[in-house]
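Quick note: the coordinates plus some simple rules give every number you see, no bench work behind them. Because the structure is a prediction, the values reported are computed rather than measured. Using ideal geometry, Cβ is built from the backbone for each residue, glycine included, and neighbour counts are taken over all protein chains shown.
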Amino acid sequence: MQVDLRILRYDPERDDKPHWEAYLVECDPKMDRVLDLLHRVKYEQDGSLTFRRSCAHGVCGSDAMLINGRNRLACKLRVEQLGRRRITVAPLPGLPVIKDLVVDMDGFFDKFKSVQPYLMNDDEVPASGRERLQSPEDRARYDDTTKCILCAACTSSCPSFWAQPAYIGPAAIVNAHRFIFDSRDGGGDERLEFLSDADGVWRCRTIFNCTDACPRGIHITQAILEVSSAIGGRRP
Amino acid sequence: MRIQHDALIVGAGGAGLWAAVELAKAGVDAAVLTKLYPTRSHTGAAQGGVCAALGNLEEDHWEWHMYDTIKGGDYLVDQDAAEILAREAIETVVELEHMGLPFNRTAEGKIDQRRFGGHTRNYGEGPVRRSCFAADRTGHMILQTLYQQAIKHGVKFYDEYHVVDLLSEGGDLGDGGRAAGVVAYRIADGSLHTIAAKAVMLATGGFGRMFRITSNAWSLTGDGVALAYRHGIPMQDMEFYQFHPTGIVGIGILLSEAARGEGGILLNGEGERFMERYAPTMKDLAPRDMVSRAIYQEVRAGRGIDGKDFVYLDVRHLGRKVIEEKLPDITDFVRVYQGIEPITEPIPIQPTAHYAMGGIPTDVLARVTRDAAGTVVPGLYAAGETACVSVHGANRLGTNSLVDLLVFGRRAGRQMIEDIKGVGMPSVADDVEEPARAEIEGLRGSTGQESVPRIREKLADVMMDNVGVFRDEAMLLAARTRVQELRARYTRVGVTDKGLVFNTDLLEARELGYLLDCAETTVASALARKESRGAHAREDYPERDDAQFLTHTLATRAVGGPRLTYKPVTITKFEPKPRVY
């Protein structure tokens, strides 16, 4: 089948502002993913088309983009799942565009780093020289939020983030949640204090765009609410 | 722009990150340069687990792990290195837990372990639970955990910088010189940067993109391996390339061996569990080279599914709970990419190009060596898939890639800390960027009519068809000619994108150059090895020949094609024996 692919293009060395370009691309809608379409354009029609991709199977997080109005990984979306011939592809919303589908991720990663995304535990390691113990139940408590691949699909789909770019955003909160609810972590209070800031969890309006956008199926809104509840629980 | 750091690491996968964490913890000024963002590295795609003889569920010993590694590698493994691998696997896995890695747990709260291909109890009696895992996303968790630690310890990152040249002082790297840094290309704006360093580590991963069907990321183009080769470092054991038995048909996405570790089986077109014929003891958990060959042989005998070129991986009998809880990611892959429900349907699979056993030769301290005598290149280190220690020999066992990058990544970090003491910052001439600049500007300005994607496709086709699971002299000679032709065409490539900002067109042209180097050395090494060993299966020489070929291949760059020399294998505890499972 032939799809009518519309891509929002922008080359800072040539263009004043982004513009749509149309490409007709042959594809097998059952097998081909949107990433395959982009490759076909780049390798057969216009080598200057620019996008990030690496693993091409949904685990590295490079190719999140706005596809038919929703944030998706291009490598994890088959053409037939879109259910129509015209497909629009644009860069992730709310982030500065560098070129074509490539956005500047530095601010996104800075927010991730701001939640101190590493285990805080000052206890001595077990004298046996072996692992710390953790029950399967305690391990299950934070399983969902360990899946994050930092693709930014969630944060850049969030209207609260669009309105207030200082908002730390769903991805950073997900990564804080991963430690706050890890029984081995001792940094919970510090993290909760940080996230109770004006640009922290309270900016979430439970719109659920993030949960819809997550290619890993993380229950992001629920994780944000669990963090909010934990902050509430600390205060008399 | 000119920058300097005491230690510079190229590549931000598991090996590079662990080395960086070691250095930063010791207060050394360490930087990591990566052409991606660190969390995009392909360590994150590893699924099934990391083996360590913790013995959490049944008796196990590092000596058994060492033996399995050596036998799995068809005795081409350096046994001193395998001993280090098996011993230090235990402490590195425990250390990862202390860093926060969320391993699955046993009822007692210990790290959970499962079976994996080629890992046995008591020197081959049967499968053992040795693979420590976090669902089927163990590599993701390792990559995340090490990146978290790198942030914690203040490692400096150069994200989206592509390495374009290696620098040395006192001669080239293969000729007695000392590593002095790198030249890197900043993808965001096309600027060149010279980074001088007292210690340089190459940890750029593999080069699976030289094959058509591969589990490897697009980024895996052998950058570090090819750059070392261009500077006179030999490439070791390049003829040994692993095809993983269970890739998704047509697109090569990996379905973890953990599926078989949990009890999944392979079925041919007659519904037969054919691995029972090929490996009566280990069956579906035989090493990957054997399973991939068995699949090819079944297909050739007309016993593929409906006579086609694939067989089934069947996990239906494991039940929904095991499938969804212990194999969630690959279940998702099968649903998304094949539209198949693995709980009720068998999964069509075929071998996929997966892992380079060969690479840059190093000693057990992760120092790069440049000849058969093991002469160290001062200031240059390598670990992970980029390197060849050699712990994998002729065939790597499942999970040992992660063990390798943990153990030898950590060793590289520790060794750099020692080696840079008292060493001054190397002097780097003002014009060191010029060769790289000339090459890049030449590509950007080229009016050549040859196309990068076309050449890359042709390369991937010939490597897949002629240098794959089975090889013979005629296939390899044809491949050599073809690769030479493609190399000639590569000198005439043009790029469409002439810009400076995020020019991936230019980047892919450079990456293709690296892949051509990797392919050339692979073919030359495979042609000369007239025996079958591990992943190198010659149909014209079907037997292993220890008298002639119990030796590592070294391929050194020379006019007219690689020059081959050989280097002895280190044997300490286990004499070579016939390899049956």
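Against the longest alpha carbon principal axis of chain A, how many degrees, from 0 to 90 and to the nearest 10, is the axis of helix A:34-44 turned?
40
Which percent of Cα pairs goes in each bin when the distances of segment A:1-134 are cut into 10 angstrom slices starting at zero?
Using 10 Å bins, I get a P(r) of 11, 36, 25, 12, 9, 7, 1 for segment A:1-134.
Go ahead and run the numbers for FRET between B:Ala188 and B:Glu439, Cβ-Cβ distance against an R0 of 22 Å, rounding to 0.05.
So the FRET efficiency works out to roughly 0.65.
Per the helix-only calculation at 222 nm, which mean residue ellipticity applies to chain B, given -39500 (n - 2.57) for every DSSP H run of n ≥ 4 and division by its residues, nearest 500 deg cm²/dmol?
-10500 deg cm²/dmol
Taking the Cβ of each residue in B:Tyr296, B:Tyr514 as the centre, tally the other Cβ atoms inside 10 Å and list the residues starting with the fewest.
Ordered from fewest to most neighbouring Cβ atoms within 10 Å, B:Tyr296, B:Tyr514 come out as B:Tyr296, B:Tyr514.
Per residue Cα convex hull volume for chain B, in cubic angstrom?
Each residue corresponds to 138 Å³ of Cα convex hull volume.
Using Cβ-Cβ distances only, list the Cys residues of chain A with no partner cysteine under 4.7 Å, sorted by number.
Cysteines of chain A left without a disulfide-compatible partner: A:Cys27, A:Cys75, A:Cys148, A:Cys151, A:Cys158, A:Cys204, A:Cys214.
Obtain the radius of gyration and the Kirkwood radius of the protein assembly as shown from its C-alpha atoms and give Rg over Rh.
0.94
State, as an integer percentage, the relative contact order of segment A:106-234 based on alpha-carbon contacts under 8 Å between residues 6 or more apart.
31
If every alpha-carbon in segment B:249-352 counts as one equal scatterer, what log10 I(q)/I(0) does Debye give at q = 0.24 1/Å?
Result of the Debye calculation: -1.43.
Go ahead and run the numbers for FRET between B:Glu276 and B:Ile340, Cβ-Cβ distance against an R0 of 30 Å, rounding to 0.05.
Computed FRET efficiency for B:Glu276 and B:Ile340 comes out at 0.75.
With angles folded into 0 to 90 degrees, how steeply does helix B:400-419 sit against the dominant principal axis of chain B? Use alpha carbons for both and round to 10.
30
In whole Å, what is the distance between the alpha-carbon centres of segment B:360-436 and segment B:141-210?
12
Which whole-number percent gives the relative contact order of chain B, counting Cα pairs below 8 Å spaced six or more residues apart?
21
When the distances between all Cα atoms of segment B:526-581 are binned every 5 Å from zero, what whole-number percent does each bin get?
So the P(r) values, bin by bin, are 4, 16, 24, 24, 18, 9, 4, 2, 0.
Pop out the Kirkwood hydrodynamic radius of segment A:86-199 from its pairwise C-alpha distances, inverse of mean 1/r, in Å to one decimal.
16.0
Assuming 0.890 mPa s and 25 °C, estimate D for segment B:464-551 with Stokes-Einstein, Rh taken as the Kirkwood radius over Cα pairs, in µm²/s.
165
How tilted is helix A:170-180 with respect to the longest principal axis of chain A? Cα atoms for both, answer in degrees (0 to 90, nearest 10).
Tilt of helix A:170-180: around 30 degrees.
Exactly which trypsin sites (Lys or Arg not before Pro) in segment A:72-103 are in a DSSP loop and have at most 15 other Cβ atoms within 10 Å?
Qualifying residues, ordered by number: A:Arg84, A:Arg85.
For segment A:143-236, what is the largest minus smallest coordinate of the Cα atoms on each principal axis, given in angstrom and ordered from greatest to least?
Projected onto the principal axes, the Cα atoms of segment A:143-236 cover 32, 27, 17 Å.
Within 12 Å, Cβ to Cβ, of B:Gly307, how many net charges do the neighbouring residues add up to if Lys/Arg are +1 and Asp/Glu are -1?
Overall, the nearby charge balance is -1.
Please report, for the Cα atoms of chain A, the Rg to one decimal and the Dmax as a whole number; what are they, in angstrom?
When restricted to Cα atoms, chain A yields Rg and Dmax of 20.2, 65 Å.
List, in order, the whole-Hz ³J(HN,Hα) value for each residue of segment B:123-134 obtained from phi through the Karplus relation with A = 6.51, B = -1.76, C = 1.60 and θ = phi - 60°; use x for Gly and Pro.
3J(HN,Hα) across segment B:123-134, in whole Hz: 6, x, 6, x, x, 10, 7, 10, 7, 7, 9, 10.
With a point put 7 Å past each Cα toward its Cβ, work out how far B:Tyr123 is from A:Ala163 in nm, to one decimal.
7.1
Within 10 Å of each candidate Cβ there may be at most 16 other Cβ atoms; applying that plus a DSSP loop requirement, which GluC sites (Glu not before Pro) in segment A:1-75 survive?
Answer in residue order: A:Glu13.
Can you tell me, using C-alpha contacts under 8 Å and at least 6 residues apart, the relative contact order of chain A as a whole percent?
Computed value for chain A: 18 percent relative contact order.
Give the longest segment of chain B that steers clear of GluC sites (Glu not before Pro) in DSSP loops with at most 16 neighbouring Cβ atoms within 10 Å, not counting the sites themselves.
Formally, the longest exposed-site-free interval is B:273-538.
What per residue convex hull volume, in Å³, do the alpha-carbon atoms of segment B:92-193 yield?
In segment B:92-193, the Cα hull volume divided by residue count equals 199 Å³.
Where in segment A:5-49 are there trypsin sites (Lys or Arg not before Pro) that are in a DSSP coil and have at most 13 other Cβ atoms within 10 angstrom of their Cβ?
Within segment A:5-49, the qualifying trypsin sites (Lys or Arg not before Pro) (loop, at most 13 other Cβ atoms within 10 Å) are A:Arg14, A:Lys30.
Using square roots of five times the C-alpha gyration tensor eigenvalues, list the equivalent-ellipsoid semi-axes of segment B:199-299 in whole Å, biggest first.
For segment B:199-299, the semi-axes come out at 33, 14, 12 Å.
Mind pulling up the Rg/Rh value for segment B:361-486? Radius of gyration and Kirkwood radius, both on Cα.
My calculation puts Rg/Rh at 1.07.
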